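The structure appears right after this line, and notes come after that.
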Amino acid sequence: MISRRNSTWRVGRGRALELGPHGHIMAIVNVTPDSFSDGGRHAGVDAAVAHALACVREGAVILDIGGESTRPGAAEVTALEEQDRVLPVIEKLSAATDALISIDTYRAETARLAVEAGAHIVNDVHGLQREPAIAAVVAATGAGICIMHTGRGREEEKRADRIDDQAFFLTRSLGLARSAGIADDAIMLDPGFGFAKDRGDDMELMARFAELHRLGFPLLAGTSRKRFIGAVTGRERPDERDVATAATTAILRLAGAAIFRVHNVAANRDALLMADAVLAVVNACEKKGDG
């Protein structure tokens, strides 16, 4: 367990999110027909907006809008298809809520248009390395950036130690970010649970999560309904994994994660409240000891 470290995540449109006093929920809003967990449920604009606003009422402070499934084997969509799905949702949400809006994309042009439409954050599951031009978009627009680790397409270069591989990949991503002019206080890192990782990878990342703080940036955790949770619990259906997901949220909050990307906002909000209550006692005891 580590005590909370206070910092500020600067995101787009003059906004910022205070990190440290308590964890924050990023709600997953899939505007797709084929996502692994909830594909098709919110594929229409009105359904996606309604779902997103319900997530805000349940406690989400960030809405992560995605127009292309990242599940293994999913068919790629064109940039135009992705934009047709996500941009109307972002436009409507920007007028309907003060919640921060994130665009889940690796495409530079989609990111640019999404920020123009009202997004504050770019969430790139390829860590700026599939379309490096996306880093310039983030820098030019002043958006916040989530840089995620992935093992996809990296079989030959992967390091044997899982934390070393995180550092190897994310250091390269950070180099791209800084070269493009992205400020450090705009950056959030994500170890990419489930992205070209087996159960052993994910469980070791859970156990060693606190070691990732050596990278020097706040951390986002995206374990929600992932396959490794099903393997541990025996829950085959993704939508049956919310209780165990909430358990991972509490565990990773105690290990220092700041943001939690989830499907079930209410359950994970409660898990965070419990973890933050424990951390408040930890901090109080540390201050008493220092005195």
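The values are calculated or read from the model by the stated rules, or taken from the named source; none is laboratory data. Bear in mind that the values here come from a model prediction, so they are computed numbers and not experimental data. Glycine gets a Cβ as well: all are built from the backbone with ideal geometry, and neighbour counts include every protein chain shown. Ligands, DNA and RNA are excluded from the accessible area calculation, which covers all protein heavy atoms including side chains. Shrake-Rupley method; radii C 1.70, N 1.55, O 1.52, S 1.80 Å.
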Carbon/sulfur fraction of accessible area - region 139-290, other protein chains in place, 1.4 Å, %:
55 percent
Consider the candidate values (i) 0.94; (ii) 1.60; (iii) 1.00; state which one is Cα Rg over 2.2 N^0.38 Å computed from the structure displayed.
(i)
Cβ-Cβ FRET estimate between Glu156 and Lys288, R0 fixed at 41 Å, reported to 0.05:
0.20
With +1 assigned to the C-beta of every Lys and Arg and -1 to the C-beta of every Asp and Glu, and no other charges, what is the dipole magnitude of region 165-291 about the Cα centre in debye, to the nearest 20?
120 debye
Highest GNM mean-square fluctuation, the chain, Cα pairs closer than 10 Å: which of Met274, Met26, Met188?
Met274
With every atom except the alpha carbons ignored, what do you get for Rg and Dmax of region 112-172, in angstroms?
13.3, 42
Return the Rg/Rh value of region 178-225, two decimal places, where both radii are evaluated on C-alpha atoms and Rh is the Kirkwood radius.
1.04
Please find the FRET efficiency linking Asp84 to Ala50, where r is the Cβ-Cβ separation and R0 is fixed at 25 Å, and quote it to the nearest 0.05.
0.85
Residue with peak Gaussian network fluctuation, the chain [Cα springs, cutoff 10 Å], from Leu252, Leu212, Leu113
Leu113
Could you give P(r) for region 6-153, binned at 10 Å from zero, as whole percent values over all Cα-Cα pairs?
12, 44, 36, 8, 0
With label points set 7 Å from each Cα along the Cα-to-Cβ direction at Arg208 and Glu76, the distance between them in nm comes to 3.1 nm
For region 95-211, I need the span (max minus min coordinate) of the C-alpha atoms along each principal axis, in Å, sorted largest to smallest.
44, 30, 24
Relative to the compact-globule scaling 2.2 N^0.38 Å, provide the ratio for the alpha-carbon radius of gyration of region 206-291.
1.20
Computed label-point distance, nm, for sites Ala133 and Glu240 using a 7 Å Cα→Cβ extension
4.6 nm
Give me the 1.4 Å probe accessible area per residue for the chain, excluding ligands and nucleic acids, in Å².
42 Å²
For a protection proxy built on the mean count of beta-carbon atoms within 10 angstrom, sort 50-56, 245-251 highest first, please.
245-251, 50-56
In a Debye calculation with equal point scatterers on the alpha-carbon sites of region 148-291 and no solvent, what is log10 I(q)/I(0) at q = 0.09, 0.10, 0.15, 0.16 Å⁻¹?
-0.31, -0.38, -0.82, -0.91
Roughly speaking, to the nearest percent, how much of region 80-121's 1.4 Å accessible area is carbon and sulfur?
48 percent
Mean 1/r over distinct Cα pairs of region 66-157, inverted to a Kirkwood Rh in Å, yields 13.5 Å
